[in-house]
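The values are calculated or read from the model by the stated rules, or taken from the named source; none is laboratory data. Predicted, not measured: the structure shown is a model, and the values here were computed from it. Because the Cβ atoms are built from the backbone with ideal geometry, glycine has one as well, and the counts that use them run over all protein chains shown.
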Amino acid sequence: MAGTRNYDFLIKLLLIGDSGVGKSCCLLRFSEDSFTPSFITTIGIDFKIRTIELDGKRVKLQIWDTAGQERFRTITTAYYRGAMGILLVYDVTDERSFHSKYPALPFFFTFALCLSMTLACDCSKGVITNPYSPLLDIRTWFSNVEQHASEGVHKILIGNKCDWEEKRAVSTEQGQQLADELGIPFLEVSAKNNTNIEKAFYSLASDIKKGMDTSKTEQTGAQGVSIDQGSLNGNTGGKCC
Amino acid sequence: MVKYTPPSSPSPTASFYDVSDDEGDYNTIARAASGRGVKLLFSKSKVYVHPTASAKDNIPGFIALIQQKPPSNPSAPPGQSDTSSYLLAWVPESSLGDAYSTYVKVDLAEGSSPPRQKYLVPPLPTTTTHHDPIGLYAFAVPLSEIYSVLVRPPSIGWWFGSLVINTRVGDSFPALFFHDTECESTILQKKKRAKENFDPFDSDGSLFWGGDEVIRWLRRYVDVQRSTMDRKVYLINPSAEDQLSFGRPVSSGDGSLPDQAQPQAAAAGPSGQRDASMDPFMKTLKETRWKVLEQLSKITTFTRRTANEIADNPRIPPQVRRLMKNPEIQTLQDEFDSARLYLARWAMNIAEQSERERNQRIWTAQDVLEMEDSSVGEFEILELETGNLSLQERRRILTLEEWQGFFDPTSGRLHITVEEVKERIFHGGLDPNDGARKEAWLFLLGVYPWDSSHEERQAIMNSKRDEYIRLKAGWWERMVEGNSTTEEYDNWKEQRNRIEKDVHRTDRTIPLFAGEDIPHPDPDSPFADTGTNVHLEQMKDMLLTYNEYNPDLGYVQGMSDLLAPIYAVMQDDAVAFWGFVGFMDRMEQNFLRDQSGMRSQLLALDHLVQLMDPQLYLHLQSADSTNFFFFFRMLLVWYKREFDWPDVLRLWETLWTDYFSSSFHLFIALAILEKHRDVIMDHLKHFDEVLKYINELSNTMDLVPILTRAESLFHRFERAVQAIDKKDNFPAAPTAHQRKPVGNNDQGSASNPDKGKSPQRNAVGSSSGVNVGASGSSSLDNAIAADKPKVISPELRELLRKDIPWKRQQTS
């Protein structure tokens, strides 16, 4: 927490995606290496910490978990800005969480909360009025991120529950295609079977760290870091099972 | 840590000591290694050393009086003066091995003199100092080396009586705690006393306990004098000087003289002072603190559970709090990073617990001042819990029988006032087992009007049942039987999937919802493989019906959490549905798209903390935490994730009464915050730390103390509002500062627009000497604020109302 001796880098990550896609399960698997099938719904926000080692450096990951339902997006949006990396999670057995074909209804944010890591703002007065779609497919999430997250934030597309082949509704190819379209890396994972979970977090963290290293050496500040996707896009195409 | 291992069962070799009757066969300690044994004169079982704050670390053992063969010095005078051959010892059970049974036999031997038969036990290494706090704690000290014994009989404050032995060289052994209820000999002796004298009390009127026996036995061999300076101190073979230091001895005999001696203000010698002021518990702590911290350092992930286990031990005094502030220890704590936080909370819990146990202590003015200075209403809370004798009565659970007695038997109308009923529910809660909730909740949730008759209620219930069936049939016909537009259907299916996902992860640890005993009706459901149970299916239907009943709001995550307890109590879907509708009437605002309900509640909490604890507020401000976002979950589902199931039910019925305020749940939030304010202020510097800390309070809190604290805080709030209102009614003195009218709240933030502050902060300001947080502008702002008259914001005034704001608007 307050101590700085335990790590060389602090990286803040954020999990977003529709309700029930398994964000909390992915996080629990990564942070505590455990899995609970009948988990509880996430209300509000929380985070977990895990320190990993990358290139001989200790990197402390602070991973924020958010409620998935669109009704609570007003809250989660406030956290985008502080995040350095975002995991966009969908459920490969639930097409809706990946690609929604239903029309959007407008609704309004009037409530923004600040995180210590975001710019200071007056939360009691902060009124943002932006129309958003209540549908939470990946494109919607992605445009949300584009709008609210800091520039140059690293992203990764995650298709969870890839252990459940007989229920699969979104193919690996579809996932890869969307990732390519959005220009972000892609992995299919299973929190239940502990497939690719480590890889997903490590690769995102590693991309961010590389970005930090690059920006440090180039003395160009935090922004304008090129995203190195080669490590993820090139290889197995993210198929997990 | 020394783990207690049960002593091995007596083996044949144990009898070796029993049968030995040869005077010459026991040894001096010096020749112990090869010898046959020393004479065990007296022993008492279940005397514990408490090495850490955790009860599971307690080490059971025997206190024993042992006679070793006198040193081969024929010139040594016989009798009492030859005290070096008698040893007072403590040995852990686990180290005794075969000798265990001998110790037990001697313990149970009747009579007040040494057993006729000689019991020999293996000699114990003699010790005169206690240098090894990590060791087994065992000691055997010659009586000649004992300077004094500190005796603390069992009392209300401390469960176990204890002894601490101080040596002539100025050292002390660990405190020995007498677990009298486990010690067979003490139980027998107590019984015997009761039988013979009809008097379980000792000669000086105190209750008989294990330590008495030790003193009695010591008196057989040495001169034991009770100090009049400090009644806890018993001097062993005191010199004349010692006696002077400790005041005139009351008695050299049995301590049977009347307790007439006043503590003398005689100048105590240095040694005397040391002993007289020795706090055995502080001593224990001194010896164990490093051990505790060492343990911590080994635990890399110092979990909440560990912290709780330590906190479980009720016998650690508030000194721990001071101990934790010791700079040495703080440095060490820093090494543990987040463990430091748990330590702080651990210390707080322990201090609180022992405070509860010691609530009979006399409060000094200093205590009161400190309370007033540091936190809100601590003193008041204690007053409430201990001073008010009727509180016990008020906290009595309301049973179905008592509930039914509130109603006229013929008409079924309430024949006491609604306020009286609510008061009983608010303070006592409803009996969880006799069905009282099934009846009372329907009133609390507005299904039945309080003034209804039995017949009226029957009519209401009949029509409500019909309406539920009609509502349910509504969506069923359109959606399942396909009488809807595609868009309607798709939206419905979306909601159904959401509900399905949430119901399957709502309160599944509760037996009612745990089963997976029936096949899922929809083979395409993600839960088709795992199965479902009839209650989950009812939950889904009720939530879909609510979606139909309140289409503007629809189903939102969190609602399943609100429905589950109601359904679990009612176990009837139509009844539970209407109860849920009643609950949602007051909770609806929290689920609106614009989040206006949550926003206004968090804002009210913001104002409340500003008024009630400006110091804490400033700290939260410096930690960018005045959005109070860490209370989001608690306010949305009314602490469902913070307390365990039975407590949630109890809390909700309390809140439903609106007995003091329809916003009493915000006082619960304040109570939680106040309870942890010291930890928050000392250790949490950033929003993420505050959030994590508050989130992790989940399932660590006891409800009743929080309820008590919240009630006390409410009264304090009420008085604060009254006081401020009264002040405002006086005409302003000519030189008075310009008074800001109520509602003109913008000045403060306008003068300081860059900082995330509520516009209200200028209005309530602070009267205490606040230490201002981060920025200079904030400090200036605060100085201005402190100068301004306090104003009660509309948000705060709302908190005094018992009706629910939006319901009020509807009816007016």
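Odds and ends about this structure:
- Taken together, B:Ala568, B:Ala574 contain a single residue that is assigned to a helix (DSSP H, G or I) and more than 35 Å from the chain's Cα centre (by Cα), which is B:Ala574.
- Only one of the listed residues (A:Glu165, A:Glu198) is among the charged types (D, E, K, R), in contact (Cβ under 8 Å) with a residue 12 or more places away in the chain and closer than 27 Å to A:Met212 by Cβ. That residue is A:Glu198.
- Scanning segment B:424-433 for residues that are buried (at least 16 other Cβ atoms within 10 Å of the Cβ) and on the phi < 0 side of the Ramachandran plot returns B:Arg424, B:Ile425, B:Phe426, B:His427, B:Gly428, B:Leu430, B:Asp431.
- The single condition among (1) on the phi < 0 side of the Ramachandran plot; (2) crowded, with 16+ Cβ neighbours inside 10 Å that B:Pro551 does not satisfy is (2).
- Among residues of segment B:566-578, those that are in contact with a Phe, Trp or Tyr (Cβ under 6 Å, 6 or more places away or on another chain) and of a type outside the set (A, V, I, L, M), counted: 1
- Set B:Asp613, B:Asp624: member being under 23 Å from the mean Cα position of the chain (by Cα) and either within 10 Å of another protein chain (Cβ to nearest Cβ) or at negative phi (or both): B:Asp613
- Single match in B:Arg505, B:Arg465 (criterion: farther than 14 Å from B:Asp573 by Cα and charged (D, E, K, R)): B:Arg505
- Breaking point among (1) modelled with pLDDT of 90 or more; (2) assigned to a helix (DSSP H, G or I); (3) not hydrophobic (A, V, I, L, M, F, W, C), for B:Tyr489: (1)
- Residue check for B:Lys685: among the basic types (Lys, Arg), within 14 Å of chain A (Cβ to nearest Cβ) and within 24 Å of A:Ile40 (Cα to Cα): no
- Scanning segment B:465-486 for residues that are among the hydroxyl-bearing types (Ser, Thr, Tyr) and outside any helix (DSSP H, G or I), we see that the one that is nearest to the other protein chains (Cβ to nearest Cβ) is B:Thr485.
- Count of segment A:9-23 residues, restricted to those that are more than 10 Å from chain B (Cβ to nearest Cβ), in a strand (DSSP E or B) and either more than 12 Å from A:Trp141 (Cβ to Cβ) or of a type in the set (Gly, Ala, Ser) (or both), is 5.
- Among residues of segment B:688-730 being within 14 Å of chain A (Cβ to nearest Cβ) and either outside any helix (DSSP H, G or I) or in contact with a Pro (Cβ under 6 Å, 6 or more places away or on another chain) (or both), the one that is farthest from A:Trp64 (Cα to Cα) is B:Asn699.
- B:Ser622, sole failed condition from (1) modelled with pLDDT under 90; (2) surrounded by fewer than 22 Cβ atoms within 10 Å (Cβ to Cβ): (1)
- Test: residue in segment A:95-116 that is within 16 Å of the chain's Cα centre (by Cα), buried (at least 17 other Cβ atoms within 10 Å of the Cβ) and modelled with pLDDT of 80 or more: yes
- Total residues in segment B:521-548 satisfying the condition of being crowded, with 20+ Cβ neighbours inside 10 Å, in contact with a Ser or Thr (Cβ under 7 Å, 6 or more places away or on another chain) and either more than 14 Å from chain A (Cβ to nearest Cβ) or assigned to a loop (DSSP other than H, G, I, E, B) (or both): the figure is 0.
- Residue within segment B:550-563 that is touching a residue at least 40 places away in the same chain (Cβ under 8 Å) and in contact with a His (Cβ under 8 Å, 6 or more places away or on another chain) present: no
- Single match in B:Gly558, B:Gly515 (criterion: small (Gly, Ala, Ser) and within 10 Å of chain A (Cβ to nearest Cβ)): B:Gly558
- Complete set of residues in segment B:619-665 that are of a type in the set (Gly, Ala, Ser) and under 18 Å from B:Met584 (Cβ atoms): B:Ser662, B:Ser663
- Filter pass, B:Ile499 being more than 24 Å from B:Arg586 (Cα to Cα), within 38 Å of the chain's Cα centre (by Cα) and touching a residue at least 12 places away in the same chain (Cβ under 8 Å): no
- Any hit, segment B:578-596, residues being more than 10 Å from chain A (Cβ to nearest Cβ), of a type in the set (Gly, Ala, Ser) and touching a residue at least 24 places away in the same chain (Cβ under 8 Å): yes
- Evaluation of A:Gly68 against the conditions (1) modelled with pLDDT under 85; (2) closer than 25 Å to A:Ser190 by Cβ; (3) more than 11 Å from every other protein chain (Cβ to nearest Cβ) shows that the sole unmet condition is (3).
- Residue match in segment B:650-660 (condition: at pLDDT 90 or above and surrounded by fewer than 20 Cβ atoms within 10 Å (Cβ to Cβ)): yes
- Considering B:Val151, B:Val141, the condition of being buried (at least 22 other Cβ atoms within 10 Å of the Cβ), under 27 Å from B:Gly170 (Cβ atoms), aliphatic (A, V, I, L, M) and modelled with pLDDT of 70 or more is satisfied by B:Val141 alone.
- Among the residues making up segment B:487-499, those that are facing chain A (nearest Cβ under 10 Å) and out of contact with any Gly (no Cβ under 9 Å at 6 or more places or on another chain) are B:Glu487, B:Asp490, B:Lys493, B:Glu494.
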